[in-house]
1. In whole percent, how big is the carbon plus sulfur part of the accessible area of region 128-246, probe 1.4 Å, protein atoms only?
2. So if R0 is 22 Å, what FRET efficiency would Leu244 and Leu167 give, r being the distance between their Cβ atoms, rounded to the nearest 0.05?
3. When Lys and Arg each count +1 and Asp and Glu each count -1, what net charge do the other residues less than 11 Å away from Gly152, Cβ to Cβ, add up to?
4. So, R0 is 51 Å and r is the distance between the beta-carbons of Glu226 and Glu68; what FRET efficiency does that work out to, to 0.05?
5. Between region 202-246 and region 136-174, what is the C-alpha centre distance in whole Å?
6. Quick one: net charge of Leu76's neighbours, Cβ under 15 Å, K/R +1, D/E -1?
7. Summing +1 for each Lys or Arg and -1 for each Asp or Glu, what net charge is found among the other residues whose Cβ lies under 14 Å from the Cβ of Asn230?
8. Any idea how far apart Asn45 and His143 come out in nm if each label point goes 7 Å out from Cα toward Cβ?
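The values are calculated or read from the model by the stated rules, or taken from the named source; none is laboratory data. It should be emphasised that the depicted structure is a prediction, and the values quoted were computed from it without experimental measurement. FYI the Cβ positions are ideal-geometry reconstructions off the backbone, even for glycines, and counts take in every protein chain you see. The area values use the complete protein model at the heavy-atom level, side chains included, leaving out ligands, DNA and RNA. Shrake-Rupley method; radii C 1.70, N 1.55, O 1.52, S 1.80 Å.
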Amino acid sequence: MPRLSLTPLLLLSLLLGACAPVAPRQGLAGAEWVPSPNFEPRRANYVILHHTSNNSLERALHTLTSPERAVSSHYLIGRDGRVLQLVDEGQRAWHAGLSWWGGQTDMNSASIGIELDNNGEEPFPREQIDALLVLLADIQTRHRIPQANFLGHADVAPGRKVDPSALFPWRQLAAAGFGLWCEPPFAPAPEGFDPALGLTALGYDPARPEAAVAAFKLHFVPDDPEPLLNDDDQARLHCLLQQLAR
Ligand SMILES: [Zn+2]
């Protein structure tokens, strides 16, 4: 009878095999399991941008990695452009919370979250935005995320969140292909245009119409925080909808 020789490598693999946890299969209990080889990990289809409301990267990092805080993001970018990754892109990070966009109610499951270290009252330094643009280009290439799906936390949680702040350079991002933007002059919105329906068509939560207007202004008209849609704002909204439809 041949003797089984336990080489260190074999021993190690036996040990690892015995210890490796087997992830339980998600699905209907009792369903017949007939596995197909045709699948891959799910991909994110949105990017949600945040500011940390902190004065230092260390402080933000502490919050985003403390079990008792139960918040996280996939990436955290420092003021100096340092990029930290905290959660695998294939996993669901906890950054968006209660959220709604275009009928999606669980943005955490559908998105990659990026926190920019910023206290909410300061401009975003060039180094930080340059690093963000490099990261977004990489994410966009790998996940094939549509241009319209680069959003702010305030967009998907209107009335609850106001990040990133009015100082965030959405126009610059859109010029690089991340997020929609319309530059004046705009053609007037057509007769009978319903701005509330327009906001919903763009993606905003119709359950909170006033908060949706404020979030729209914060993102697309940051120099006019008045939560009203004047003729110019409506023309801008109509222009954005035309871009979305392209
Ligand atoms: Zn946020």
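1. Carbon and sulfur atoms account for 56 percent of the accessible area of region 128-246.
2. Calculated transfer efficiency: 0.30.
3. -1
4. Between Glu226 and Glu68 the formula returns 0.85.
5. 15
6. -4
7. -4
8. 1.2
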